[in-house]
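The values are calculated or read from the model by the stated rules, or taken from the named source; none is laboratory data. Just so it is clear, the structure is predicted and the values come from calculations on it, not from any experiment. Quick reminder, even Gly has a Cβ in these numbers, built from the backbone with ideal geometry, and neighbours come from all protein chains shown. What goes into the accessible areas is simple: the full protein's heavy atoms, side chains included, and nothing from ligands, DNA or RNA. Shrake-Rupley method; radii C 1.70, N 1.55, O 1.52, S 1.80 Å.
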Amino acid sequence: MRRSWLKILSVLLLSLFICNNSLAQDHSVENDSLGHKNEVKEKFDVGEFIFDHILDQYGWHLFTYHHKHITIPLPVILKSKSHGWNIFLSSKLEHANGAFIEKPLDLSITKNVFAIIISSLILLILFISVAKTYSRRIDMPPKGLQSLLEPIILFVRDDIAKSSINAKNYERFTPFLLTIFFFILLNNLMGLIPIFPGGANVTGNITVTLVLALFTFTITTITGNKVYWKHIFNAPGVPWWLKAPLPLIPFIELAGMLTKPFVLMIRLFANISAGHIIVLGFFSLIFIFGNINAVAGFAASPISVLFTIFMSVLELLVAFIQAYVFTFLTALYFGMATEEHH
Amino acid sequence: MELIKPDIGLLIWMIVSFGTVTFLLIKYAWKPILKALKERENTIEKRLLAAKKAKDELAKIEFGNEKITALAKIERENMLKEAKEIKAGIIEEARHEAKIEARKIIEEARKSVEKEKMDAINEIKNQISELSVIIAQKILKHELDNKDKQKQLINKLIEDIDLN
């Protein structure tokens, strides 16, 4: 167990080093290419550099080599009333002509969508194979991947689900909690890997966290029992005048129903995005100093790399903590929704 | 502001893919895994309980054995004691009987000795009396050859009787 973690950690650290190198090349060259294009040395734009990595893109830019952008082209899918369905590769995006009258519905397989598909496939392959191992090795101690994942599965089941949801209901919710935990964890970790297939800022994307929170909200609302709804609309132990003519408490409770998933959405998004922004910010210090003076750039690079490594390790911790927090709070909300009246 | 603006395309794809992943994982991964874990836990619990029960039973049997051994020991001791007592009793009895027998035999012997003695004495007496009669006859025959002597004797006898 411990050895496996060490392995993962060392691989991640190694990949960080590699990424730092590749990014360094990438951006210095990109900078050059931009300068080449405009015939003047353009200033390095930190904001653009960071947001280029944080936000979603149409293609999956891998690296730039000899003034050439190497990008995985991804399908752009557009639907509009005037033009119908339009499907083409993102590499053709710059050459595409024809203006839309209204804003088309953009169903493109963007970088994030592609990353979600990849991580989903990894999850499916990983856990279905582990499930097969389980059904093959009945009543035997865990082996291989199974022994790496079993403690985490047991942690989610016992320390998240069992501790927050009552004994009668926790088994019903454990599968979803496991899914959400491993989905967030895997995407957090893959977000830390800077090269393909990692590097997409999936869990730091507000749309993704919105969907995750939406699932939690939907399940909470659907499974909410009488006690839960009574607590919202007619909270016991509250004076009547807070409920009767002006439904103050019900209003607050209803707002609370919505704030819970909203907070889930913001927390995950903000934590992951902020981590990425700080890592990239530290990293771009090299180029900021490099723009002033080549010597200053070289001098700044060791410090910058050190800070980046520190932040990346912190991010690794945050990846686990945020997956845990999201799952734990989800379990708490499920627990509240299914609590029996004492 | 693009950072905090949800994108409808990504939203749709995310709902579709996350929904699918959730469904597939629950059906093909979590259900069998959780079931297997639960079964394994149950089996382990059951086996532990069974082991504990077996251990208890063994202890009970051992205790029973000990009890039986102890009982057997006591029994043996009792038997030995009894046997010893019986032995002592038999010896005592035999001794007693032997004593009585011996005494009887001695008594009988003594009696017969006594009787023999008496018989012998009687015999001797008889013989003595016979002998004395014969002797007396002979003496008388010899003494009473003449009248003087007869007279003398008679006188002497009379004197003796008087003295007696």
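Worth a mention:
- Cα shape, region B:102-164, gyration tensor, a/c 1.5 rule: oblate
- For the segment A:124-133, counting C-beta atoms of other chains within 10 Å of every residue's C-beta and taking the mean gives 5.
- Buried on assembly, region B:11-45 (at least 50 Å² less accessible surface than by itself, 1.4 Å probe): B:Leu11, B:Trp13, B:Met14, B:Phe18, B:Val21, B:Leu25, B:Trp30, B:Ile33, B:Leu34, B:Leu37, B:Arg40
- Length added when fully stretched, A:Asn291-A:Thr218, from 0.36 nm per residue minus Cα-Cα: 21.2 nm
- Overall form of region A:210-342 per C-alpha gyration tensor (a/c, 1.5; a/b vs b/c): prolate
- Nonlocal amide H pairs with A:Trp60, under 5 Å, H built at 1.01 Å: A:Ile72, A:Leu74
- Whole-Hz Karplus values for region B:56-65 come out as 4, 4, 4, 4, 4, 4, 4, 4, x, 4 Hz, taken residue by residue from phi with 6.51 cos²θ - 1.76 cosθ + 1.60 and θ = phi - 60°; glycine and proline positions read x.
- Peptide A:321-327 is shielded by partner chain Cβ atoms: per residue, an average of 0 of them sit within 10 Å of its Cβ.
- Paramagnetic reach from A:Phe320 (point 7 Å along Cα→Cβ, amide N under 19 Å) across region A:158-202: A:158-161, A:178-193
- Greater than 28 Å apart at Cα, pairs in A:Lys230/A:Lys260; A:Lys168/B:Lys53; A:Lys68/A:Lys111; A:Lys162/B:Lys31; B:Lys104/B:Lys125; A:Lys162/B:Lys46: A:Lys168/B:Lys53; B:Lys104/B:Lys125
- Looking at region A:143-225, the pairs of alpha carbons with a distance over 21 Å make up 42% of the total.
- Counting only other chain Cβ atoms within 10 Å of each residue's Cβ, the peptide A:109-115 averages 3.
- For the protein assembly as shown, the equivalent ellipsoid built from the Cα gyration tensor has semi-axes of 129, 31, 20 Å, listed from largest to smallest.
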